[in-house]
Amino acid sequence: MKKLLTVLIICLLSACASQNKQSAEVDDRAMAGGGSGSQDGAGAGGFGLSPLRDPNNILSQRSVYYDYDSYTIKSEYRELVLAHARYLRDNGDAKVLLQGNTDDRGSREYNLALGQKRANSVKNAMLLSGARDQQIEAVSLGEEKPRATGHGESAWAENRRTDILYQGEY
Amino acid sequence: MRVFTRYCYLALSLLLWSAQVHATLNIEIFGGGSKKIPVAIVPFSQEERLPQSITAIVSADLERTGLFKMVGTFGQTPHEPGDIVYADWQSRGASAIVIGSTHLLPDGRVDVRFRLMDVAKTSQITGFTGVVPSDQLRVAAHRIADIIYEALTGDMGVFSTRIAFVAKTGNKFALQIADSDGYNAHSIIEYSEPIISPAWSPDGSKIAYVSFENKKPVIYVQTLATRERKAVANFKGSNSAPAWSPNGDKLAVVLTLHGGSQIFLINADGSGLQRLAQSPGIDTEPNFSPDGRSIIFTSDRGGSPQIYRMAISGGNAGVAERLTFEGSYNVSPRFSPDGKSFTYIHRNGDRFNIALQGLANRQVQLLTDSKFDESPSFAPNGKMILYATEISGRGILSVVSSDGQTKQRLSSQTGDIREPSWGPLLKSQRNNHFIN
């Protein structure tokens, strides 16, 4: 329970952080993006809120978590990845950066390669569901940008993930 | 720029150093094999008036190699050969004794005189006098340590070389360069995003590294003298693990152009992309053999990360041979300077340790037993390995002798230190040792 709470708080915090970062400079672009989104009607949440930001829309969920030493997308994240793939398919101008991450055990460069495998797993799933190669860049941050610090399973689990960032968000 | 001027100045002042008294180098090795050479280092006269004790630095340098045993001076402080009572030093077990003097000159510079004396033969092995600016005392001390080391072991001294590493302080990442003992550290670049994998060009003039400033890993090459830098690999996907070819013309890099992490070759200016190896899994952390004909690298093609060797030219080019078989996690390989062995990180239970393996006999030796060791890097003479480790959650640098006998942390740096890389021995450093 405590672990779940921590994860929730971290998610909330990071959501706040990314929103703060964007609010000043990126609002215009976000509006434009939302406009084109609602024109073709794909996944639009209505009410002027971009589906990518609507907390009730699955597209606002941006992280895929993994088991130790694994880069397989777990079944609980399939729907999320599929939703983003559909959004990309329906919004040909949309672009995403997939950032793979790992925990901090072992070689930094090898972890960078492991994080790449994680990002690639999401990219490949998206390509299979209609997104196009030019829309997706899969990169790795390895162990360099931990969301949770410290040694221990809860921190490690939080850091084994791929983040989905849309253009304008990075 | 400051660094560059400093080293130019140093080279110049070394050339100007006069009266290099250098006896014949017929002293073979005091006590071979694992036996340590007993040396007494007497504090130089008037050292206490200097901002920096020279002999303290010399002692620390020599001790770090694990090849020397420091013999106490028991209050005896000879500064001239005539002051030495050799019988006393012989009875204390000293094979050699280091004496010297310092004189603060009116212009603020320091006149340093030093002699290395053979206790058994009661004669001088080597020595010099020189005038050093007071902010160059550490540099002068490292030169003295090099001269002593070379005279007593017959091997190259590496104390005047430099190291690079990344220091994290708060959310700031600094790529820093320091003397081989970790002192005199200064940043060559600072970011609010991570920097990893610094690699010295063979001539010591440039450093390649990976920066995350563009929200993804990109490889830069920075010229130290001008601070000018260039992105040499910024392809779609991730760009990482730069390794210089021995002649400095090319870099082996890891790119993800076709999905997984694979090793490519580019020219040092970023042109001429060429794929080096092809595997279905991860290939990363390339490192060139000293002759430039092959690389060793980490690959998980066999199911777990292991170290492989591959020729990059000739008939066997592209054929990889697995080198490590013990354990399920062997990463970060680096050739020894003579190309006969390699060091790497071996996971041993829940520990990550420095290992050394011969290429001919395949024998594995674990050199450390701490918990989180990373990024081993050979000294240019192959006698020591610099690596990153952790003490109470903070990253620090440590040095282990290649026989595993002596470990010492470099304790001068502050912040969270990682990603060390030992710089090359420059030609100027090598030639200036024994000017007659």
remark   = Computed about the Cα centre, the charge dipole of the stretch B:131-216 from +1 Lys/Arg and -1 Asp/Glu charges at the Cβ has a magnitude in debye, to the nearest 20, of 380 debye
task = Give me the accessible area per residue for the stretch B:130-235, probe 1.4 Å, as a whole number in Å².
result = 29 Å²
query = Between B:ARG275 and residues 5 or more places away or on another chain, which pairs have amide H atoms under 5 Å apart, with H built 1.01 Å from N, and which residues are they?
reply = B:LEU265
key: Restraint check, A:LYS95/A:LYS117; A:LYS117/B:LYS216; A:LYS117/B:LYS168; B:LYS172/B:LYS215, Cα-Cα greater than 22 Å   = A:LYS117/B:LYS168
note = Expected integer from the mean partner chain Cβ neighbour count at 10 Å over A:111-122 is 6
task = Check each of the trypsin sites (Lys or Arg not before Pro) in the stretch A:106-170 and keep only those in coil by DSSP with at most 12 other C-beta atoms within 10 angstrom; list them in order.
result = A:ARG132
key: B:GLU390 long-range amide H proximity, modeled H, under 5 Å   = B:LYS371, B:PHE372, B:ILE396
ask   = Within chain B, what's the longest stretch lacking GluC sites (Glu not before Pro) that sit in DSSP loops with no more than 12 other Cβ atoms inside 10 Å?
value = B:229-436
query = Straight-line reach from B:LYS340: which lysines have a Cα under 20 Å away, not including same-chain ones fewer than 8 places off?
reply = B:LYS383
request  = Compute the relative contact order of the stretch B:162-429 as a whole-number percentage, counting only Cα pairs closer than 8 Å that sit 6 or more residues apart in sequence.
outcome  = 14 percent
remark   = Along the dipole axis of chain B (charges at Cβ: +1 for Lys and Arg, -1 for Asp and Glu; origin at the Cα centre), the most positive-end residue among B:GLY349, B:ALA145, B:GLY75 is B:GLY349
query = Based on DSSP, what percent of beta bridges with both residues in chain B are antiparallel, to the nearest 5?
reply = 90 percent
task = With a/c under 1.5 counting as rounded, go ahead and sort the stretch B:57-171 into rounded, prolate or oblate using the C-alpha gyration tensor (a ≥ b ≥ c being the square roots of the eigenvalues; past the cut-off, prolate if a/b is larger than b/c, else oblate).
result = oblate
task = Identify the chymotrypsin sites (Phe, Trp or Tyr not before Pro) of the stretch A:47-116 meeting these criteria: DSSP loop state and at most 13 other C-beta atoms within 10 Å of the C-beta.
result = A:PHE47, A:TYR68
note = Full extension between B:ALA225 and B:GLN90 adds, at 0.36 nm per residue less the Cα distance, a length in nm of 43.8 nm
ask   = So which trypsin sites (Lys or Arg not before Pro) in the stretch B:199-267 pass both tests, a DSSP loop state and at most 14 other Cβ atoms within 10 Å of the Cβ?
value = B:ARG227
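The values are calculated or read from the model by the stated rules, or taken from the named source; none is laboratory data. None of the values given here were measured: they were computed from a predicted structure. Glycine gets a Cβ as well: all are built from the backbone with ideal geometry, and neighbour counts include every protein chain shown. These area figures cover heavy atoms from the full protein model, side chains too; ligands, DNA and RNA do not enter into them. Shrake-Rupley method; radii C 1.70, N 1.55, O 1.52, S 1.80 Å.
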